[in-house]
Amino acid sequence: MKLIGPFKQIITLAHLPLRGKLSDEQLEVISDGGILVNGDKIQKVGNFENLKSENQNIEIETVEGEQIVLPAFVDSHTHICFGGNRANDFAMRNAGKTYLEIAESGGGIWSSVQHTRNASEDELLKTLLERINILLDLGITTIEVKSGYGLDLENELKMLRIIKTAQAQTRATLVPTCLSAHLKPRDFEGTNVEYLNYILNEILPKVKEENLADRVDIFIEKSAFQPDESKEFLLKTKDLGFHITVHADQFTPGSSRIAVEVGAQSADHLEATVDEDIEFLAQSNTVATALPGASLGLGEKFSPARKLLDAGAILAIASDWNPGSAPMGNLITQASILATYEKLTTAEVLAGLTFRSAFALGLEDRGRLEKDWKADFVTYRTDNFQNILYNQGSLKAETVFIDGVKVK
Ligand code: NIG
Ligand code: FE
């Protein structure tokens, strides 16, 4: 056992409900606290001096100066395994070009597919690990990573194998997701349904055989896959034993309803979700995930986070870091900005970045500082937790712990 502290404040996020709105008065804040760690789990959180006298002769890892600590963050939606860059898309969008014009002039998802297919495995692994380290520096220790820039058997497996190799080289937890249903690739000769069947018959059995992912994602949108074909696909992936998540309601409403109907772990984006579908999400265990980085990257409106919380939904906040719609990658900046536009309390934002986003990944062992939870936490050199969102991402994490071990 090991005692870490003293901390000026410990924000435990203990006892907060999984769903619905939260006030900051509900936050448990322990002053002059310590964290007792047993192996990779938290044994006890409490007053540092009390823990010290209750546990004599144990190792003490002293925290220098004034620091606060909270559960490490969970980014439940990223596309950080990719080749190339889409700065030109960004510039063209800002110059007024439409999605279609950009795609026609060689940009869009298809251009990232070509760059990813052409990139060497070493290059993809190197840049993936660099992005993981950028997220780790922000205090994000659990990171979902999607495929979806390969879009054929060989290249989807290449991406997922690289994610698996990266897992062996980082202490962060990576959660791989198969997004072969990102778009029907231009070189596939056949209909959408034929491509979805190709995923079901050729790609997913291999993914399963090599244990590369147990989650499947699909982009349901006019420009990608249509509601009916997507629903059928998702039900079949479920029969194959995969968990489901959906890119839903990004530009047109309707697909978050499908996510709920098929029992998806999460419905992500939701910028275009209409009021009745907010109610539908709120009645379900499908986590509603806001992706403010995509709104900022595209200049689109934010997901209706306030309404979702008021209706009682489980709201997570994730980065969607990808080369196209969300190139920034700074989840803390994005969540802070979402809070100002959507009027979210600090408690709601912190919950959405921790135990609620962990739940979206089916992980119920992390995101709170309490007994038997995973000892992943992030510290800041400041005297008050409000400074984290107030500084909109410019207050850097001081240290990051994974399984009770300092990694940054
Ligand atoms: O989550 N919406 C679909 N997929 C991504 C964008 C991917 C890309 O543009 O490369 C998203 O925003
Ligand atoms: Fe995405």
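Points to keep in mind about this one:
- Normalised by residue number, the volume inside the convex hull of the Cα atoms of segment 139-251 is 104 Å³ per residue.
- 23 Å Cα-Cα reach of Lys307 towards lysines, excluding residues that sit fewer than 8 places from it in its own chain: Lys21, Lys343
- Here segment 287-408 is treated as a Stokes sphere of Kirkwood radius computed over C-alpha pairs; at 25 °C and 0.890 mPa s its diffusion coefficient rounds to 163 µm²/s.
- Size of charge dipole - segment 6-130 - debye, nearest 20, with Cβ of Lys, Arg +1 and Asp, Glu -1, no other charges: 520
- The length gained on full extension between Glu276 and Met1, counted as 0.36 nm times the residue separation minus their Cα-Cα distance, comes to 94.0 nm.
- Sequentially through segment 165-179, phi angles give Karplus couplings (6.51, -1.76, 1.60; θ = phi - 60°) of 5, 4, 4, 6, 10, 9, 7, 5, 8, 9, 10, x, 9, 8, 10 Hz, Gly and Pro residues having no value and appearing as x.
- Summarising the strand pairing of the chain, around 45 percent of its internal DSSP beta bridges are antiparallel.
- Top of Asn55, Asn322, Asn85 by mean-square fluctuation, Gaussian network on the chain, Cα under 10 Å: Asn55
- For segment 1-39 and segment 264-293, distance of Cα centres in Å: 28
- Using a Förster distance of 41 Å, the FRET efficiency for Asp239-Tyr390 (Cβ separation, nearest 0.05): 0.30
- Spherically averaged projected area in nm², based on the convex hull that wraps the Cα atoms of segment 1-111: 12.3
- Amide proton proximity set for Ile244, modelled H, under 5 Å, gap of 5+: Val216, Gln265
- FRET efficiency, 1/(1 + (r/R0)^6) with R0 51 Å, evaluated for Lys41 and Asn85 via beta carbons: 0.80
- Residues of segment 368-391 with amide N under 16 Å of the 7 Å Cα→Cβ point at Ser31: 383-386
- Relative intensity, log₁₀ I(q)/I(0), of the chain from a Debye sum that treats every alpha carbon as a point, q = 0.08, 0.12 Å⁻¹: -0.41, -0.91
- Simple point charges give the picture: +1 on the Cβ of Lys and Arg, -1 on the Cβ of Asp and Glu, and for segment 74-360 a dipole about the Cα centre of about 560 debye.
- Residues Thr170, Thr354 arranged by fewest to most Cβ contacts within 10 Å: Thr170, Thr354
- Once the mean of 1/r is taken over each pair of separate Cα atoms and inverted, segment 54-197 shows a Kirkwood hydrodynamic radius of 17.5 Å.
- For the residue pairs Lys146/Lys396; Lys146/Lys238; Lys41/Lys238; Lys97/Lys222; Lys97/Lys184, alpha carbon separations beyond 29 Å are given by Lys41/Lys238.
- Taking the DSSP bridge list for segment 1-141 and keeping only pairs wholly inside it, about 65 percent are antiparallel.
- Between Glu209 and Asp383, full extension at 0.36 nm per residue minus the direct alpha carbon distance yields a gain of 57.7 nm.
- The slack in the chain from Glu66 to Asp187, taken as 0.36 nm per residue of separation less the alpha-carbon distance, amounts to 37.8 nm.
- Residues whose placed amide H lies under 5 Å from that of Ile58, excluding near-sequence neighbours: none
Where a number appears in this text, it was derived from the coordinates with a stated rule and is not lab data. Predicted, not measured: the structure shown is a model, and the values here were computed from it. Positions of Cβ are backbone-derived with ideal geometry, glycine not excepted, and every protein chain shown enters the neighbour counts.
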